[in-house]
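One structure is given here, and the rest of the page talks about it.
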Amino acid sequence: MTHRPTGWRGAWRANRRTAPSRCGSPRTRRDARRTDAGKEPIDILKFEKQDEASNALAQGRADAMTADSPITQYAVSKLKDKIEVAGDAFDVAPYGIAVDKGSPLAQAIQAALQSLVDDGTYTEILTKWGVDAGAVDSITINAATAG
């Protein structure tokens, strides 16, 4: 997901300032092609914390930023009327809780989380934080490694 300032219209231009949650080398291949073509390079702003990147966008110091969809939705919920989501999530991945292999704690955690799903508490929590789009219907053990 990409954030953009509310009211911002038009295609995102690569010579804009971007505030990714993580970034690689400041001179990317795309950057090299842009400068070789006589265009301005992409100005990648680096921040220690995600809220710094979100605030830079809201204050106009950045033109766009990327983050995981829960973080994006949380930033939008906190910075109402200043930033908005520009597009859909382009990838999703489940989160997990690690325990020792074979530990009975795995089943206990799974049962506790499933009870939150079953009684609606899970959805209430996700909705409160603005991340209900990523909700699951059931809690599984080793879902990421199954199949």
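Values quoted throughout were computed directly from the atomic coordinates according to the rules given, and no laboratory measurement underlies them. Owing to the predicted nature of the structure, the values given are computational and were not obtained by experimental measurement. Because the Cβ atoms are built from the backbone with ideal geometry, glycine has one as well, and the counts that use them run over all protein chains shown.
Can you list the residues, at least 5 places off or on another chain, whose amide H is less than 5 Å from the amide H of Ile83, using H built in the peptide plane?
Placed amide hydrogens put Thr6 under 5 Å from Ile83.
Scan the stretch 63-147 for chymotrypsin sites (Phe, Trp or Tyr not before Pro) in coil per DSSP, keeping those whose Cβ has at most 10 other Cβ atoms within 10 Å, and list them by number. Spell out each step's value before the answer.
Values: sites: Tyr74, Phe90, Tyr95, Tyr122, Trp129; in loops: Phe90, Tyr95, Trp129.
Qualifying residues, ordered by number: Phe90, Tyr95.
Hey, rough spin-label estimate for Ala108 and Ala86, points 7 angstrom out along Cα→Cβ, what's it come to in nanometres?
Between Ala108 and Ala86, the label points sit 4.8 nm apart.
Testing the spin-label approximation: label points 7 Å from Cα along Cα→Cβ at Val136 and Gln59. State their distance in nm.
Label at Val136, label at Gln59, 3.8 nm between them.
Please list, ordered by chain and number, the residues whose modelled amide H lies under 5 Å from the amide H of Asp43; skip anything fewer than 5 residues away on the same chain.
Those lying under 5 Å, H to H, from Asp43 are Thr18.
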